[in-house]
Amino acid sequence: MADALRAYVWIVGMWIRATMTYRASFVMLAAGQFAVTGCDFVAIFIMFAHTEQLGGFRLPEVAFLYATSGCALGLADLLVGNVERLGRRIRDGSFDVMLVRPVSAFVQAAADDFALRRLGRILQSTAVLTWALVALDVTWTWDRLLLLPVMIVSGTVIFCSIFALGAAFQFLANDAAEVANAFTYGGNLLTQYPPSIFAKDLVRAATFAIPLAFVNWLPSMHILDRPDPLGLPKVFEFASPVAALLLALVAALAWRAGVRSYRSTGS
């Protein structure tokens, strides 16, 4: 694990140095992503120009959901988002090269072509989160303060695991990046909004099938002092680390099984 982490840092450092060679280009690309992802929040802001509440949630509360989900996805996309290109590497045979190197293939796939411009999404979500924290009418007890960073870290692990599961699926489908995107970027879009506006069957699926509810819905119910729409036991609001760990384990097993089933180009 330590060797894999060192290799990841080394590869990422190499790509960052390459990116900083063209700093103006990096700044423009990051600013562009900041602006493009910010359009999602502009749409939410426009909604609240015509209504005071959305599913019983006020604008600062929806902004809190939007920002925590965006931070988690942004960090996951920055750290391991490039694994979604695995299908292309399988087709052109470049994944074979990764397998013969003395470094984890997953580390190489995740760190290769590290896109520092994705910081734009993280900075935009952080800006919205800062505003939401100021605007929220919440009593910040020690458990709420502690739950906030735990929620973002756990959400990042959950999205990283979904990226890894999507990559593992491509060993079978060869080109299934859009399938994975339905659960990563689609999951981000889902968790930007209050669970109360969705059908309970969808909320159950996002809790027990693909644990997207643990990214921010369930812990946010405690932070915002809102009732859980499914009426689950209170312990579920603090279970994001457990859900993240279990999903990461499933993703690791799926990736290992995918690599073992790989039969080189054309498989």
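The values are calculated or read from the model by the stated rules, or taken from the named source; none is laboratory data. Predicted model only: the values in this text are computed from it and were never measured. Here the Cβ positions follow ideal geometry from the backbone for every residue, glycine too, while neighbour counts run over all protein chains shown.
A few notes on this one:
- Residue match in the stretch 170-177 (condition: within 16 Å of the chain's Cα centre (by Cα), closer than 11 Å to residue 69 by Cβ and part of a helix (DSSP H, G or I)): no
- Condition check for residue 184: under 20 Å from residue 218 (Cβ atoms), of a type in the set (Ser, Thr, Tyr) and outside any helix (DSSP H, G or I): no
- Flag if residue 248 is under 24 Å from residue 67 (Cβ atoms), modelled with pLDDT under 95, under 14 Å from the mean Cα position of the chain (by Cα) and assigned to a helix (DSSP H, G or I): no
- Selection status of residue 26, within 30 Å of residue 197 (Cα to Cα) and either touching a residue at least 40 places away in the same chain (Cβ under 8 Å) or among the basic types (Lys, Arg) (or both): no
- Residue under evaluation residue 234, criteria (1) surrounded by 15 or more Cβ atoms within 10 Å (Cβ to Cβ); (2) more than 24 Å from residue 83 (Cβ to Cβ); (3) modelled with pLDDT of 90 or more, criterion not met: (1)
- Looking at 255, 217, just one residue is surrounded by 19 or more Cβ atoms within 10 Å (Cβ to Cβ) and more than 18 Å from residue 65 (Cα to Cα), and that residue is 255.
- Here is the figure for the stretch 157-171: residues that are over 12 Å from residue 247 (Cβ atoms) and either in contact with a Pro (Cβ under 7 Å, 6 or more places away or on another chain) or not aromatic (Phe, Trp, Tyr) (or both) total 4.
- If the condition is being of a type in the set (D, E, K, R) and in a helix (DSSP H, G or I), then the stretch 39-53 contributes only 40.
- Residue check for residue 162: aliphatic (A, V, I, L, M) and in contact with a Cys (Cβ under 8 Å, 6 or more places away or on another chain): no
- Taking the listed residues 150, 203, 103, the one that is of a type outside the set (Asp, Glu) and closer than 23 Å to residue 53 by Cα is 203, with no other qualifying.
- Note on the stretch 180-200: residues that are among the aliphatic types (A, V, I, L, M), out of contact with any helix residue (DSSP H, G or I) (no Cβ under 7 Å at 6 or more places or on another chain) and either under 13 Å from residue 213 (Cα atoms) or without any contact (Cβ under 8 Å) to a residue 12 or more places away in the chain (or both) amount to 3.
- Test for residue 104: is it crowded, with 16+ Cβ neighbours inside 10 Å and either over 14 Å from the mean Cα position of the chain (by Cα) or of a type in the set (Lys, Arg) (or both): yes
- If only residues of the stretch 58-94 that are of a type in the set (Val, Ile, Thr) and within 20 Å of residue 219 (Cβ to Cβ) are counted, the one that is nearest to the chain's Cα centre (by Cα) is 68.
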